[in-house]
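In what follows, a single structure is set out as C-alpha cells and then discussed.
Any read-out appearing in this document is the output of simple, stated calculations on the displayed coordinates, not a laboratory observation. Predicted, not measured: the structure shown is a model, and the values here were computed from it. In this analysis, Cβ positions are derived from the backbone assuming ideal geometry, glycine residues included, and neighbour counts consider all displayed protein chains.
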C-alpha cells in the first residue's frame, strides 16, 4: 500500500492521466478520503488550472514588468 | 485555394501575427529577459519561414513553440544556466507541506494568482520552468518536451512534479490556495 508521501508524489502524474491500473485507482481513492492528501490535490489542481489560464494571457503582467525607476 | 493564400503547410503572415504574442510571452517567461526573448522569437520566425518542415499537421503555435524552445535551451546553455544536475538534486523538504490559507473565488483573486505564478515561474530552476511552461501552459506533448529538454520520460515526470509543487507553495504562501 502507498503511504501519504508516496501518494502525494504521484498526484501530478494522476492529474495528467499518467497512472494506470491499481495505482491510479489507489491514488484517486486515497486522495478522496485522506484530508491532507485531498488538500494537496486540490491545491495542485488549482495551480495547474492557473497555469492553463496563462496560455491565453500573452500580455506582460504586473509581475513581469520591470520596476519603475 | 483562394488567390493570395499560401499553399497548405506554408506559414502565412496571418499565422505569424497570430502566434507572435504567445511566442513572446513564452520566451519571456522562459528566459526572464524581454530583450533576449524578443531576439529569440525573431530567430524562431526567421527559421520557421525558411523551414520546409512545417507540413500543416500540427498547430502553428505548437510547431513554433517547439522551434523556440530549442533556441531557449541553447541560450540558457550558453549563458551557463542549463545545469545538468537539476534533476539529480534531492527534492526540497517543503515540497509536500500542507496547504495554508483559504482564498475567495473571484476574478481579482484569479488575476492575482496568475501574477503570483508568473513571478514564481521565474524562480524555478530552468528545466523545471520549461517543463511546466511546455506541458501546462503550451500543452506540448510529453514526448516532444523530453526531446526539447534532453531528458527521459521519468526525469520529465520529476521535473514537472517539482515545478508544479514549487508553484503550488508560492500560491499557498500568498494565501491563494483553498484549504479543505
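Taking Cα centroids, how far is the stretch B:140-163 from the stretch A:1-55 in Å?
One Cα centre to the other: 18 Å.
Just from the alpha-carbon atoms, what are the Rg and Dmax of the stretch B:104-173 in angstroms?
Cα-based Rg and Dmax for the stretch B:104-173 come out at 13.0, 40 Å.
Work out the FRET efficiency for residue B:16 and residue A:57 from their Cβ-Cβ distance, taking R0 = 25 Å, and round it to the nearest 0.05. Before the final figure, lay out the partial values.
Working: r = 20 Å, r/R0 = 0.80.
Efficiency for this residue pair is about 0.80.
Rounded if a/c is under 1.5, else prolate if a/b is larger than b/c, else oblate: which is the stretch B:13-78, with a ≥ b ≥ c the root eigenvalues of its Cα gyration tensor?
Details: a/c = 1.98, a/b = 1.54, b/c = 1.29.
Verdict is prolate for the stretch B:13-78.
Across the residues of B:156-162, average count of Cβ atoms on other protein chains within 10 Å? Spell out each step's value before the answer.
On the way: counts 0, 6, 2, 0, 6, 7, 1.
Average per residue, whole number: 3.
Report, as an integer, the average count of C-beta atoms from other chains found within 10 Å of each Cβ along A:37-44.
On the way: counts 3, 2, 8, 9, 2, 5, 14, 8.
Rounded to a whole number, the mean comes out at 6.
Work out the mean other chain Cβ neighbour count within 10 Å for the residues of B:124-137 and drop it here as an integer. Before the final figure, lay out each step's value.
On the way: counts 0, 0, 0, 0, 0, 0, 0, 0, 4, 3, 0, 3, 10, 8.
What the average comes to for B:124-137 is 2.
Let me have the relative contact order for the stretch B:104-173, percent, based on Cα pairs under 8 Å that are six or more residues apart. Working shown, then result.
Values: 42 pairs, mean separation 28.2, N = 70.
Result for the stretch B:104-173 is 40 percent.
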